[in-house]
Amino acid sequence: MTAQLIDGKLIAQQVRDEVAANIAKRTAAGKSKPTLAAVLVGERVDSATYVRAKGKACEELGMGSVSRHLPADISQEDLEKVIKDLNADKSVNGILVQLPLPSHLDEERVLQLISIEKDVDGFSPLNIGRLAQKGREPLFVPCTPFGCIYLLEQAGVKIEGANAVVLGRSNIVGMPAALLLIGKNATVTVCHSRTKDLANVIRQADIIIAAIGKMEMVRGDWIKPGAAVIDVGINSKPDATKKSGYRLVGDVNFDEAKEVAGFITPVPGGVGPMTIAMLMKNTLRAAEIQDP
Ligand code: GUN
């Protein structure tokens, strides 16, 4: 193995410790606990797991949490009412609506309704719009891309002037990751399912952020020697040696890539733990903005 492993679990724990220390300081000074509201619509098992993990993190860091679990067939109007009530609730500092929503709901309208100063996921059009414009600052940066950039910076990877390739253009990861890298003066290429000669585009990259959701798609010989590889993928691969019958792998073929890359994040234990850590950081920031 030639690549340096970027330990997301350790770096996420450091972020969480720092957030917990700041919360303890705030509460000791008589300020209210930062509080996160999570809105879950329907019965998706993965979404329920994420929301539970977010609530657990709040508890571990001394943060307050409330959850609103709503039926899958809730009307747009009733969901909007829940958001409006959370916007008006002074004891709630951050609001997150777990995505995806059931298909009959208008996600854009829901996200637009979240008060910008409570938008700790950074998905409201106002926050994304600011991220996309030069000289403007969003109040909150979406948690997973924020975690990716944080890992690069902690590993000492130079972003300015680097050729960065983002694989995937989702609203949640790929697109905001590309905007963040542009803001840090990287030269950014965004690749997706229609990109021609993908391997050769990726071969130019000093930094690769893989968020396309295709198991082990990026091969070792696609990677420029010494490149930094951030793997956002979480895919279940059948593995008879595991009790569960599967193991988690990323969008990058780790065994091949680790022999070529300069830096690489493992799956699991790379980007995954960073998402919740950055959400906690954003929620603390929300409380600091609302109650300085
Ligand atoms: N669904 C997948 N990732 C995320 C995330 O970071 N935030 C929310 N709210 N939903 C998601």
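Calculated accessible area for the chain comes out at 48 Å² per residue, all protein chains present (probe 1.4 Å; ligands, DNA, RNA ignored). Using θ = phi - 60° in the Karplus curve 6.51 cos²θ - 1.76 cosθ + 1.60, the 3J(HN,Hα) couplings for the range 95-104 round to 10, 10, 9, 5, 10, x, 8, x, 5, 6 Hz; x is entered for Gly and Pro.
Temperature 37 °C, viscosity 0.692 mPa s: under these conditions the Stokes-Einstein estimate for the range 72-225, based on its Kirkwood radius over C-alpha pairs, is 192 µm² per second. Counting only protein heavy atoms and using a 1.4 Å probe, the accessible area of Ser244 comes to about 80 Å².
Restricting things to Cα coordinates, could you compute the convex hull volume per residue of the range 144-292 in Å³? Intermediate values should be presented prior to the final figure.
Numbers: hull volume 18.3 nm³, N = 149.
Roughly 123 Å³ of hull volume per residue.
Starting from the Cα coordinates of the range 148-198, work out the convex hull volume and express it per residue in Å³. Don't skip to the end; give the middle numbers.
Numbers: hull volume 3.7 nm³, N = 51.
That works out to 73 Å³ per residue.
Between 0 and 90 degrees, rounded to the nearest ten: what's the tilt of helix 143-154 against the longest Cα principal axis of the chain? That works out to roughly 50 degrees. At what distance in angstrom do the alpha carbon centres of the range 9-77 and the range 187-235 lie from each other? Taking the Cα centre of the range 187-235 as reference, the centre of the range 9-77 is 32 Å away. Rg and Dmax over the alpha-carbon atoms of the range 1-155 stand at 16.9, 54 Å.
Using only side-chain charges placed at the Cβ, +1 for Lys and Arg and -1 for Asp and Glu, the dipole size of the range 1-137 relative to its Cα centre rounds to 600 debye.
Using +1 at the Cβ of each Lys and Arg and -1 at the Cβ of each Asp and Glu in the chain, identify which of Gly220, Leu179, Ala21 lies farthest towards the dipole's positive end. Result: Ala21, furthest along the dipole toward the positive end. Ranked by solvent-accessible area (1.4 Å probe, protein heavy atoms only, all chains present), the residues Asp239, Asp119 order from largest to smallest as Asp239, Asp119.
For the range 155-202, with all protein chains in place and a probe radius of 1.4 Å, 50% of the accessible heavy-atom surface sits on carbon or sulfur.
Would you mind working out the magnitude of the charge dipole of the chain relative to its Cα centre, with +1 at each Lys and Arg C-beta and -1 at each Asp and Glu C-beta, to the nearest 20 Debye?
Values: 35 positive and 34 negative charges, 65 e Å.
Around 320 debye, computed over the chain.
Treating each Cα of the range 56-95 as an identical point scatterer and ignoring solvent, apply the Debye formula and state log10 I(q)/I(0) at q = 0.20, 0.35 Å⁻¹. Taken in order of the listed q values, log10 I(q)/I(0) reads -0.71, -1.17. For the chain, the Stokes-Einstein estimate of translational diffusion at 25 °C and a viscosity of 0.890 mPa s comes to 124 µm²/s, using the Kirkwood hydrodynamic radius over alpha-carbon pairs.
Pick out, in residue order, every one of the GluC sites (Glu not before Pro) in the range 37-86 that is DSSP loop and has at most 11 other C-beta atoms within 10 Å; say none if there are none. Write out the running numbers ahead of the final one.
On the way: sites: Glu43, Glu59, Glu60, Glu77, Glu80; in loops: Glu43.
Qualifying residues, ordered by number: Glu43.
Per-residue Karplus couplings for the range 236-245, computed as 6.51 cos²θ - 1.76 cosθ + 1.60 with θ equal to phi - 60°, are listed in order as 8, 10, x, 8, 5, 7, 9, 4, 6, x Hz, Gly and Pro entered as x. A Cα-only calculation for the range 1-85 places Rg and Dmax at 17.1, 54 Å.
Farthest toward the positive end of the dipole of the chain, out of Val201, Ile83, Asn163, is the Cα of Asn163, where the dipole comes from beta carbon charges about the Cα centre.
Across all directions, the average flat footprint of the convex hull enclosing the Cα atoms of the range 208-292 is 7.4 nm².
Of the whole protein surface, His69 contributes about 100 Å² of accessible area at a 1.4 Å probe radius.
For the chain, the relative contact order is 22 percent, taking Cα pairs closer than 8 Å that sit 6 or more residues apart in sequence and dividing their mean separation by the residue count.
State the antiparallel share, in %, of DSSP beta bridges confined to the chain, rounding to the nearest 5. Walk me through the intermediate numbers first.
On the way: 4 of 33 bridges.
Rounded to the nearest five, the antiparallel share is 10 percent.
The values are calculated or read from the model by the stated rules, or taken from the named source; none is laboratory data. Worth saying up front: this structure is predicted, and the values here are computed from it rather than measured. So basically every Cβ, Gly included, is an ideal-geometry build from the backbone, and we count neighbours across all protein chains shown. For accessibility, only protein heavy atoms count, side chains too; no ligands or nucleic acids. Shrake-Rupley method; radii C 1.70, N 1.55, O 1.52, S 1.80 Å.
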